[in-house]
Ligand SMILES: Nc1ncnc2c1ncn2[C@@H]1O[C@H](COP(=O)(O)OP(=O)(O)OP(=O)(O)O)[C@@H](O)[C@H]1O
Ligand SMILES: [Mg+2]
């Protein structure tokens, strides 16, 4: 069984076609990267799962079940949690409340607010502060914590390293590798090739709404990958 | 003097219960709901009609239930389908609904004024702050306080309250967490409408019932919401109490200006502090 499968998916915003026949798959516990330059449709892959972009052709399966017109809240219930680009922390909620919001699905699993605090101790210290009073790196941890609260089988992260200092990115590498070893599948949407290399085992490269390259990471040179995202 | 202040709080309490529903609905749906006055008025008539046969409190319960159902239908049938359109369209539709509700009530109960008497259980006076004051009026103030406390607890402590606060600022991100935001909206509009219905029934013994009573009070209600800051619950409470006082003192001391003072205050607030007195601060 696959956790997520796109087969020849075409996705639109209104009448603008953004994904033009994308196929990709993520199996249980797999760690994959989705690479590509600005504006090629990476976020639209996540938005298709969420039903924010409209799928008009192809087949989308989540947890082995076909989704014809997913609603925004379906993916989380089906075991796919998305850490959105720009983090989208809810400003009127405290750090703790932002985490509790992530538990809306009530999916059973190991993640609780306390377990998230153990993973990111800084969040425990800031528990009663507004979520947006945190630094960028801390907000990224909060966004990951919030997504984990749904006890996902697959965690999708959309450009989590954007705007973060290299030391913070190194911490994210550690955390994602720990999650990966614990069996959570990871789909890392990124332009930071070094980061991707340290986390994933397989990759897809998007260009103009199509998959133009894919494969396993071992044996592929850093330069060859960088060519796909450099301008 | 004391009696005028208390009367101001009674009207303010009524305005608060009505306005807070408007604030809830605006917070979630970004809809300025002109139908809210109609919901208030329908609540008053449903309460009155049921009370004739089954007593005041059964009437109150019936109005709350009927209006909650109307609110849920309003959200599913009107706000949801119109959410991707120009907000002005929704405003016009809610204005149309107000007119339809007024016509409907007029055709059922006529356009004459109807008076409702205070329920026997709450009739009479009681000694309060050194004067004889009607029990019913004190209960209206108490109901406003209980409503405020209940709503605050619900919003701050319950899981749905968390989802309501979150979807008021970012519905898409809230939905991504697995929250069925459509259901949250229907619940909130149902509660807002139920509060409007409740305030209509409670207003029965204080005001006279007529099909236009809703459009009349809606004006004060909008002033409360603007002065308090759109989307602010504390602001709505403070503004409702202030408008209640002004309304009452105006009637007593400046009858010729009573109805225009609240407008002047609203215009002043819009000029000096367009986000409202408590606006900008969350909830
Ligand atoms: N809501 C929207 N409505 C219409 N067009 C959109 C919308 N969101 C994105 N687009 C367009 O779709 C295309 C792909 O956008 P997408 O956000 O998927 O790119 P991306 O690969 O994630 O880029 P980035 O690296 O900058 O995040 C872009 O041309 C963008 O302008
Ligand atoms: Mg993107």
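Only the coordinates and a few stated rules stand behind these numbers; no lab work does. All values reported here derive from a predicted model rather than from experimental measurement. Note: ideal-geometry Cβ built from the backbone for every residue, glycine included; neighbour counts use all protein chains shown.
Quick notes on this structure:
- Cα-based helix-to-principal-axis angle, A:166-181 vs chain A, degrees rounded to 10: 80
- If you model region A:131-219 as an ellipsoid using its alpha carbon gyration tensor, with each semi-axis the square root of five times an eigenvalue, the axes come out at 22, 16, 13 Å, biggest first.
- 5 Å binning of all Cα-Cα separations within region A:4-217, expressed as whole percents from 0 upward: 1, 8, 16, 20, 21, 17, 11, 5, 1, 0
- Degrees, to the nearest 10: B:233-253 long Cα axis against longest axis of chain B: 30
- Remark on the protein assembly as shown: Rg and Dmax equal 27.6, 91 Å (Cα only).
- Pairwise FRET efficiency - residue A:8 versus residue B:256, Cβ, R0 = 60 Å, nearest 0.05: 0.20
- Relative to the longest principal axis of the Cα atoms of chain B, the long axis of helix B:35-54 lies at roughly 50 degrees.
- For chain A, built as a Gaussian network whose Cα springs stay under 10 Å, the top-fluctuating residue of A:104, A:76, A:150: A:104
- Residue exposure sequence - B:128, B:40 - by fewest surrounding Cβ within 10 Å: B:128, B:40
- Separation of the residue B:4 and residue B:53 label points, Cα + 7 Å toward Cβ, nm: 4.5
- Computed from the alpha carbon positions, the gyration tensor of region B:2-212 leads to an equivalent ellipsoid with semi-axes of 31, 22, 14 Å, biggest first.
- Distance between the modelled labels on residue A:216 and residue A:128, one decimal in nanometres: 5.3 nm (7 Å Cα→Cβ projection).
- Centroid-to-centroid, using Cα positions, region B:1-41 and region B:215-283 are 11 Å apart.
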